[in-house]
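Heads up: the structure comes next, in structure tokens.
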Amino acid sequence: MSKPGLPQGTRDFSAAVVHKRNYIFQTIRHVFECYGFQPLETPAMENLDTLMGKYGEEGDKLIFKILNNGLDNPDKHQQAKEDFEKVLAGKNTKGITERALRYDLTIPFARYVAMNYGQLTLPFKRYQVQPVWRADRPQKGRYREFYQCDADVVGSKSLLNEVELAGIYATVFEKLGIPVEIRINSRKILAALAELCGGADKMVDITVAIDKLDKIGLEKVKTELATKNLTYAQINTIEQYLSITGDNAAKITALKQLIGNNETGLKGIEEIEYVLNYPLTTHHSPLTTDFTLARGLNYYTGIIFEVKALNVQMGSIGGGGRYDDLTGLFGVPNVPGVGISFGVDRIYDVMEELKLFPDEVQAGTRVLFFNLGEAENKQAFGLMQQLRSKGIASELFHENTKFDKQFKYAEKKQIPYVVILGSEELANGTCLVKDLRKSEQQSITQAALADFVFL
RNA sequence: GAGAGCGUAGCUCAGUUGGUUAGAGCGUUAGUUUGUGGCACUAAAGGUCGGGGGUUCGAGACCCCUCGUUCUCCCCA
């Protein structure tokens with residue numbers, strides 16, 4: 001018998017953690033619904049065909065594949081061996097695996113939309129909160145099983161959707177109490193930059209490089225661009241672009257001077273200005289234009305978002321953007337969409353670090369009834385059921401032991417109240433309610449217990 | 001896919017140039033205390049030193065392999 005363990009990159013969540021995570025999930029779900037989004041759940045596994053080729057070469061390698069059943073069937077040994085040879089040759093894997101764990105929520109959503117396109121009311125707004133799996137090597141803040149919280153709108157090109165999604169970000173993080181900067185850019189502006197540098201085909205290289213500006217600094221970005229065969233003049237243009245600073249208005253002015261006469265660029269700037277002009281909250285706009293924001297995923301075509309928590313050392317805690325033709329991959333072309341995602345695990349870490357979880361999140365048992373004998377228990381049990389029917393979480397201690405044990409149990413489980421109903425109380429129809437936090441107790445009638453306020 | 005660090009009690013960790021029977025704190029259990037918890041004191045349980053091989057009179061320590069885990073790069077949430 002070996003020691004039990006967990007698969008690499010997975011976690012157990014104990015009660016305290018589950019409560020806190022649920023607080024985050026509930027906040028996000030509530031805001032999603034408040035903005036008119038409806039829930040969708042899809043299976044943990046998808047057909048391998050659905051996933052392969054959607055995440056790039058790297059992404060394909062990180063998909064957890066599920067071994068077909070019945071490979072050990074003696075009648076099929078020959079076939080299985082041949083199929084496995086194909087896998088080793090990097091070819092068709094159908095004979096060995098044809099299902100895989102979902103890698104993200106976006107592609108399953110696209111699959112769902114493609115399958116149900118005729119029945120959907122457009123624009124279709126759905127949200128989805130489910131775990132995804134990646135065969136990545138785990139490291140700080142990165143797991144092989146983690147939750148994503150996505151909200152997407154498909155079937156509408158209106159920039160109003162972008163405004164709504166930015167509003168969701170602003171609302172959720174305000175509710176959670178996390179100070180954030182919601183960064184916004186447009187892929188069209190990046191495309192314009194690439195055009196300006198004479199290499200529309202270089203857009204991917206350029207975006208990948210400048211996305212790292214925060215991390216590696218300007219000099220290393222320039223070095224990386226040089227290795228991608230960009231000329232000195234092109235790199236110089238990009239440097240000018242990256243050095244744009246100031247508030248939103250100042251940045252836009254500077255950007256217009258740099259690439260303002262480029263048609264694609266103008267469209268991008270127009271998009272940004274549109275979104276910035278909506279009052280998302282009662283306060284000033286929490287949106288920050290950031291022209292260095294690129295986002296790795298290549299299917300983005302318009303506005304892109306990224307959320308960064310302030311005052312903490314942490315990567316982005318949310319991101320998203322517009323994509324023009326996601327379901328085209330599944331045979332339904334011309335369905336534009338835009339979506340955002342929340343990184344729950346990182347949000348958790350940020351809230352833990354900034355101590356933002358409210359105390360009431362930890363609500364466990366409120367009242368412990370002491371076990372002081374069979375006759376006493378019967379009376380206590382009835383009273384306990386009354387409390388439970390009022391939604392007050394209660395327990396009756398499991399055995400008749402000395403007070404010491406029962407008190408210590410309450411203390412360890414952080415149960416704030418104990419109710420003592422012994423032979424004496426049984427005889428005169430009372431019970432003793434003790435507040436362990438204040439170390440104060442009072443005797444009340446049993447009839448009054450149901451109306452007692454357990455603060 | 002590439003690189004680095006760490007594996008000693010349930011947890012956090014000590015363990016001297018390699019030397020007798022591997023320790024501490026916390027936690028757990030029991031007791032001091034059969035109607036009043038937190039504190040204190042006493043005692044107990046708990047280890048194939050991740051696994052395998054090697055060097056040595058002798059290995060928790062040194063060498064090789066392996067497994068696990070953490071971190072960095074790549075990429076990503």
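Evaluate the following for A:N185: is it of a type in the set (S, T, N, Q) and either part of a strand (DSSP E or B) or farther than 23 Å from A:G339 by Cα (or both)? Give the derivation first.
Values: of a type in the set (S, T, N, Q): yes; either part of a strand (DSSP E or B) or farther than 23 Å from A:G339 by Cα (or both): yes.
Criteria met by A:N185.
Quick one: is A:T301 within 16 Å of RNA strand B (Cβ to nearest atom) and either over 23 Å from the mean Cα position of the chain (by Cα) or among the charged types (D, E, K, R) (or both)? Before you say what the answer is, go through the steps one by one.
On the way: within 16 Å of RNA strand B (Cβ to nearest atom): yes; either over 23 Å from the mean Cα position of the chain (by Cα) or among the charged types (D, E, K, R) (or both): no.
So A:T301 fails the test.
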field: Residues of the range A:1-33 classified as free of Cβ contacts under 8 Å to residues at least 24 places away in the same chain, open to solvent by 90 Å² or more (accessible area, probe 1.4 Å) and within 16 Å of RNA strand B (Cβ to nearest atom), total
entry: 6
- prompt: Is it fair to say A:A89 is open to solvent by 40 Å² or more (accessible area, probe 1.4 Å) and either closer than 16 Å to A:F330 by Cα or of a type outside the set (S, T, N, Q) (or both)?
  reply: yes
- request: Considering every residue within the range A:346-361, establish whether at least one is more than 18 Å from A:E425 (Cβ to Cβ), more than 16 Å from RNA strand B (Cβ to nearest atom), open to solvent by less than 40 Å² (accessible area, probe 1.4 Å) and touching a helix residue (DSSP H, G or I) at 6+ places or on another chain (Cβ under 7 Å).
  value: yes
- prompt: Just a yes or no: is a residue in the range A:40-47 away from RNA strand B (no atom under 15 Å from the Cβ), under 30 Å from A:S158 (Cβ atoms) and open to solvent by 40 Å² or more (accessible area, probe 1.4 Å)?
  reply: yes
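Condition (residue is farther than 26 Å from A:S316 by Cα, open to solvent by 20 Å² or more (accessible area, probe 1.4 Å) and out of contact with any Phe, Trp or Tyr (no Cβ under 8 Å at 6 or more places or on another chain)) applied to the range A:97-108: is it met by at least one residue?
Filtering the range A:97-108 down to residues farther than 26 Å from A:S316 by Cα leaves A:97-100.
Now narrow it down to the ones that are open to solvent by 20 Å² or more (accessible area, probe 1.4 Å): A:98-99.
Those left that are additionally out of contact with any Phe, Trp or Tyr (no Cβ under 8 Å at 6 or more places or on another chain): A:98-99.
Yes, some residue in the range A:97-108 is farther than 26 Å from A:S316 by Cα, open to solvent by 20 Å² or more (accessible area, probe 1.4 Å) and out of contact with any Phe, Trp or Tyr (no Cβ under 8 Å at 6 or more places or on another chain).
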- line: Of the residues in the range A:116-142 that are open to solvent by 60 Å² or more (accessible area, probe 1.4 Å) and near RNA strand B (Cβ under 7 Å from one of its atoms), the one that is nearest to A:I168 (Cα to Cα) is A:R142
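Looking only at the range A:231-250, decide whether some residue is farther than 30 Å from A:K355 by Cβ and touching a residue at least 60 places away in the same chain (Cβ under 8 Å). Reasoning before the result, please.
Pass one, the range A:231-250, residues farther than 30 Å from A:K355 by Cβ: A:231-250.
Keeping just the survivors that are touching a residue at least 60 places away in the same chain (Cβ under 8 Å) gives none.
No.
The values are calculated or read from the model by the stated rules, or taken from the named source; none is laboratory data. Every value quoted in this text rests on a predicted model; they were computed, and no experiment measured them. Cβ coordinates were reconstructed from backbone atoms using ideal geometry, including for glycine residues, and neighbour counts include every protein chain displayed. SASA here: full protein model, heavy atoms, side chains in, ligands and nucleic acids out. Shrake-Rupley method; radii C 1.70, N 1.55, O 1.52, S 1.80 Å.
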